[in-house]
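Data first, discussion second: the structure below is written as structure tokens.
The values are calculated or read from the model by the stated rules, or taken from the named source; none is laboratory data. Here the structure is a predicted model, which means the values were calculated and not measured. All Cβ positions, even for glycine, are placed from backbone atoms using ideal geometry, and neighbour counts span all protein chains on display. The protein model used for the area step is the full one, side chains on, heavy atoms only, and it has no ligands, DNA or RNA in it. Shrake-Rupley method; radii C 1.70, N 1.55, O 1.52, S 1.80 Å.
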Amino acid sequence: MKFRAKIVDAACLNHFTRVSATIAKLAKTCTLRISPQKLNFIVSDKAASGGVSMWCELEQENFFSEFQMEGVSAENNAIYLELLSENLSRALKTAQNARALKIKLTNKHFPCLTVSIELLSVSSSSRIVTHDIPVKVIPRKLWKDLQEPTVPVSDVSIYLPVLKTMKSIVEKMKNISNHLIIEANLSGELNLKIETELVCVTTHFKDLGNPQSASEDASQDRDPEQMAEVHIDIRKLLQFLAGQQVNPTKAVCNIVRNKIIHFDLLHEDVSLQYFIPAFS
């Protein structure tokens with residue numbers, strides 16, 4: 001197995017750093033999947049035990065000026081590495097205003113992702129800062145548990161409001177309850193609601209719009225005003241909203257009634273999918 005890559009464009013480097021910071025806020029440990037065309041950050045907790053799942057996809061050609069890799073075999077041309085998300089994010093934080101960033105899979109008594117950052121000094125000469133991030137190479141027999149999750153057919157798909165606005169509201173609601181109801185319909189309406197024995201609080205969003213495919217897939221006899229809802233752990237939603245640094249151009253929420261909620265954040269270079277199971 002071999003892997004080496006290089007980033008020289010400042011905008012690409014800043015974007016890659018923001019993606020890494022987002023992953024670190026969403027999960028303590030993640031899997032990095034390296035393939036010839038893409039990088040994926042994967043979190044695959046079992047939904048049955050209340051865990052969240054994530055699939056983040058980056059087109060390598062949009063970030064790296066150089067990219068070389070050889071997988072475990074010609075038939076299985078990929079590399080799966082497990083690492084602590086914070087270690088990668090912390091290393092990349094030192095890359096602000098860097099001239100170049102190099103990432104290489106190395107073996108220094110144990111497998112590592114070696115991150116080398118070329119920085120300019122005051123005298124205009126360059127200096128190299130190197131971070132060795134320990135990784136665990138995941139064997140081929142375990143890859144089947146780390147595939148892109150199947151998105152279930154949703155009852156309602158709807159565009160999300162501004163994520164910062166949504167985060168501010170959810171932060172206030174968390175002080176009242178750990179249990180949140182999200183409901184939406186095919187008329188572009190989304191409600192965030194908490195209910196306790198003492199109080200019921202609802203925030204309404206209107207005219208958000210629904211993806212065209214959602215409207216086309218809806219059955220002809222379904223009332224577009226009918227709400228589909230899911231009950232989730234409010235802390236898991238807040239962790240997702242608080243961790244966002246991807247700045248998506250489009251954010252979609254897919255609700256599978258009483259089962260799961262699926263968030264799909266799209267940027268021109270990055271796709272991030274996040275799954276939160278229904279509250280148990």
Task: Residue among Lys164, Lys193, Lys259 with the largest mean-square fluctuation in a Gaussian network model of the chain, springs linking Cα atoms under 10 Å - done: Lys164
- [ ] Please name which of Tyr274, Leu238, Thr203 has its Cα lying farthest along the dipole of segment 156-277 towards the positive end, using unit charges on Cβ (Lys, Arg +1; Asp, Glu -1) and the Cα centre as origin.
- [x] Leu238
TODO: With +1 on each Lys and Arg Cβ and -1 on each Asp and Glu Cβ, and nothing else charged, work out how big the dipole of segment 2-145 is about its Cα centre, in Debye to the nearest 20.
DONE: 340
- [ ] Please work out whether segment 1-119 counts as rounded, prolate or oblate from its C-alpha gyration tensor, where a ≥ b ≥ c are the square roots of the eigenvalues and a/c under 1.5 means rounded, while otherwise a/b larger than b/c means prolate and anything else oblate?
- [x] oblate
TODO: Find which of Leu13, Phe67, Ala95 sits farthest along the positive direction of the dipole of segment 2-145, computed with +1 on the beta-carbon of Lys and Arg, -1 on that of Asp and Glu, about the Cα centre.
DONE: Ala95
Open item on the list: What's the ranking of 71-79, 182-190 by average number of surrounding C-beta atoms within 10 Å, highest first?
Closed with: 182-190, 71-79
TODO: Report the charge-dipole magnitude of the chain in Debye, nearest 20, computed about the Cα centre from +1 at each Lys and Arg Cβ and -1 at each Asp and Glu Cβ.
DONE: 1500
- [ ] Quick one: dipole size for segment 122-161, taken about the Cα centre, charges +1 on Lys/Arg Cβ and -1 on Asp/Glu Cβ, in debye to the nearest 20.
- [x] 300
Task: Three-way shape label, segment 156-277, alpha-carbon gyration tensor, a/c 1.5 - done: oblate
TODO: With a probe of 1.4 Å, find how much accessible area the chain has per residue, and write the answer as a whole number in Å².
DONE: 51
- [ ] Per DSSP H run of n ≥ 4, the term is -39500 (n - 2.57); total these for the chain, divide by its residue number, and report the mean residue ellipticity at 222 nm rounded to 500 deg cm²/dmol.
- [x] -5500 deg cm²/dmol
Open item on the list: Please report, ordered by residue number, every helix of the chain (full DSSP H runs) that is 18 Å or longer along its axis going by C-alpha atoms and whose mean Kyte-Doolittle hydropathy reaches -0.5.
Closed with: 10-26
Task: For segment 2-145, with +1 on Lys and Arg beta carbons and -1 on Asp and Glu, the positive-most of Phe110, Ala24, Ser124 along the dipole - done: Phe110
